[in-house]
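Participant: Let me give you the structure first, and then I'll get to my questions.
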Amino acid sequence: MTTKSKEPHTDRGTKTLLRLHVNGESHEVATELNKTLLEVLREDMAITGTKHGCELGECGTCAVLVDGKPVLSCLMLGIEAVNTEVVTVEGMVQNGNPHPLQNAFADLGAAQCGYCIPGILLTAKALLDENPRPTRDEIRQALSGNLCRCTGYTKILQAVELAAKEMQAK
């Protein structure tokens, strides 16, 4: 004997067209409504600088900027990014030039494996955009949601301080 499910029929393959503004450019992407912004960026748009981490909102690896504020893209649906400005680590480069944070991290060797660095860079950018002269404690507090398994954080903090000084000098 077969019985019909009383559950409503849903077609898991149904896609919706999203219009997203990412890294200063408008994009149209067909995607499932239940995909996170992280999945939309990586899987549907091939913007892979944003990394999968814990996918629970605990590590900060997937951080992107949404309207200038750090957001964990693993906890935000792609559809929630409509009518916002999303910036990924790829969007930090302007006119082919790395952002001062990217230069400082490279110059000081602030990354070891580098997996967590995109989220840290974007979180630090949001801090410096809001507070161009942060104290070490303010930097530490801003980055407290970004976990790194490789470093002792000292070089990361120094790199943010160096970038702040370089940005002030311009």
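The values are calculated or read from the model by the stated rules, or taken from the named source; none is laboratory data. A quick note: this is a predicted structure, and the numbers were derived from the prediction, not measured. Ideal geometry is used to build each Cβ from the backbone, glycine not excepted, and the neighbour counts take in all protein chains shown.
Participant: List every residue pair whose Cβ atoms lie under 9 Å apart, where the two residues are 6 or more positions apart in sequence or sit on different chains, the first residue falls within region 127-138 and is over 12 Å from Glu161 (Cβ atoms), and the second residue, located anywhere, is hydrophobic (A, V, I, L, M, F, W, C) and surrounded by fewer than 12 Cβ atoms within 10 Å (Cβ to Cβ).
Facilitator: That search, which allows pairs on different chains as well, returns nothing.
Participant: Another one. Look at region 32-43 and say how many of its residues are closer than 14 Å to Ala81 by Cα and either assigned to a helix (DSSP H, G or I) or under 12 Å from the mean Cα position of the chain (by Cα) (or both).
Facilitator: Taking region 32-43 as the starting set, the residues that turn out to be closer than 14 Å to Ala81 by Cα are 32-41.
Imposing the further condition that a residue be either assigned to a helix (DSSP H, G or I) or under 12 Å from the mean Cα position of the chain (by Cα) (or both) reduces the set to 37-41.
Result for region 32-43: 5.
Participant: Then there's this: Looking at (1) surrounded by 18 or more Cβ atoms within 10 Å (Cβ to Cβ); (2) on the phi > 0 side of the Ramachandran plot; (3) not small (Gly, Ala, Ser), find the lone condition where Asn95 falls short.
Facilitator: With (1) surrounded by 18 or more Cβ atoms within 10 Å (Cβ to Cβ); (2) on the phi > 0 side of the Ramachandran plot; (3) not small (Gly, Ala, Ser) applied to Asn95, the lone miss is (1).
Participant: Next question. Give me the pairs: first residue in region 147-160 and farther than 21 Å from Glu58 by Cβ and charged (D, E, K, R), second residue at pLDDT 95 or above and not in a loop (DSSP other than H, G, I, E, B), beta-carbon distance under 7 Å, and six or more apart or on different chains, which are they?
Facilitator: Partner pairs satisfying both residue conditions: Lys155/Leu108.
Participant: Determine if region 117-124 includes at least one residue that is farther than 25 Å from Glu55 by Cα and assigned to a helix (DSSP H, G or I). Let's see the steps before the verdict.
Facilitator: Filtering region 117-124 for residues farther than 25 Å from Glu55 by Cα gives none.
Among the residues of region 117-124, not one is farther than 25 Å from Glu55 by Cα and assigned to a helix (DSSP H, G or I), which makes the answer no.
Participant: Testing Val87 on (1) crowded, with 16+ Cβ neighbours inside 10 Å; (2) among the aliphatic types (A, V, I, L, M); (3) without any contact (Cβ under 8 Å) to a residue 60 or more places away in the chain, one condition comes back false. Which one is that?
Facilitator: Of the numbered conditions (1) crowded, with 16+ Cβ neighbours inside 10 Å; (2) among the aliphatic types (A, V, I, L, M); (3) without any contact (Cβ under 8 Å) to a residue 60 or more places away in the chain, the odd one out for Val87 is (3).
Participant: Quick check, is Cys113 under 25 Å from Leu33 (Cβ atoms), part of a loop (DSSP other than H, G, I, E, B), of a type outside the set (A, V, I, L, M) and without any contact (Cβ under 8 Å) to a residue 40 or more places away in the chain?
Facilitator: So Cys113 does not fit the description; no.
Participant: Related question: Looking only at residues in region 128-169 that are part of a helix (DSSP H, G or I) and of a type in the set (Val, Ile, Thr), which one is nearest to Gln112 (Cα to Cα)? Reasoning before the result, please.
Facilitator: In the first step, residues of region 128-169 are kept if they are part of a helix (DSSP H, G or I); the result is 128-130, 136-142, 154-169.
With of a type in the set (Val, Ile, Thr) added as a condition, the list becomes 139, 154, 156, 160.
Values: Ile139: 19, Thr154: 12, Ile156: 10, Val160: 16 Å.
Among those residues, the one meeting the criterion is Ile156.
Participant: Right, another one. Collect the residues in region 112-127 that are surrounded by fewer than 21 Cβ atoms within 10 Å (Cβ to Cβ) and closer than 19 Å to Thr154 by Cα, keeping them in residue-number order.
Facilitator: Residues of region 112-127 surrounded by fewer than 21 Cβ atoms within 10 Å (Cβ to Cβ): 112-115, 126-127.
Gln112, Cys113, Gly114, Tyr115, Leu127 - these are the residues of region 112-127 that are surrounded by fewer than 21 Cβ atoms within 10 Å (Cβ to Cβ) and closer than 19 Å to Thr154 by Cα.
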